[in-house]
Structure formats: C-alpha cells, structure tokens
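A.B. asks: Starting off with a structure, shown below.
The values are calculated or read from the model by the stated rules, or taken from the named source; none is laboratory data. None of the values given here were measured: they were computed from a predicted structure. Reconstructed Cβ throughout: ideal geometry from the backbone, glycine too, with neighbour counts over all protein chains shown. Heads up: the accessible areas ignore ligands, DNA and RNA and are worked out on the full protein's heavy atoms, side chains in. Shrake-Rupley method; radii C 1.70, N 1.55, O 1.52, S 1.80 Å.
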Amino acid sequence: MKRRETYVFVFSILAAIGLAEDSTIFLAASMLVSPLMGPIIAAIFGTAIKDPTLRTLGLRNELIGILIATIIGFIFGLVICSIDERYGNGEGLTAEMLSR
C-alpha cells in the first residue's frame, strides 16, 4: 500500500470509531489525517487551467480514496453490528451519527 492509501485507511478507522463511540475528538482527528483535500484541489486546479491530465489525476485519486473509505466503513459497520446488539437493531444511533 502506498502512503496515501494508508492514511485513508487510518482516517476511515478513526472516523468509524468516532461515530460508534460518539467522540468528536476522533472525528476531528480523522479530518486532520485525511489526505483527500490534495486530489480535490488537483481536480479543481486542472479544470481551471484546462489541464486534462491534472484534472483526471485528481478525480481518479479522489474516487479511489472515497471508495477505500466507503469499503472500510462498510466492513467496520458489519463488524460492529455483529459484536454489539445496540447497533444491529437501530437503537445505537449516537448523537454524532445523527448530526452528520
């Protein structure tokens, strides 16, 4: 795994823990670790200066990051629902989940 994918993996786990444990600290930490702002800026800048290579690179990396984060979140959700009954029957919605 490259460094960027490792950071996406780490921020996904931090965000999932923050949502499950109702912790704003974990959610803020996951936003600080997240490397997804670089590809967004690359796509926007590539569009602004009409550079299709930069735009495509930014979009591709952003979609890969979103896909990794979604898969990690889905797996974490499956694991947490199988371990803790509160989340499996819908009673485990935390304030952080509802606010986001």
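A.B. asks: Would you check if ILE40 is open to solvent by less than 70 Å² (accessible area, probe 1.4 Å), within 13 Å of the chain's Cα centre (by Cα) and β-branched (Val, Ile, Thr)?
C.D. replies: So ILE40 fails the test.
A.B. asks: Would you say ALA29 is under 19 Å from the mean Cα position of the chain (by Cα), surrounded by 14 or more Cβ atoms within 10 Å (Cβ to Cβ) and at pLDDT 85 or above?
C.D. replies: Considered against the rule, which asks whether it is under 19 Å from the mean Cα position of the chain (by Cα), surrounded by 14 or more Cβ atoms within 10 Å (Cβ to Cβ) and at pLDDT 85 or above, ALA29 comes out as no.
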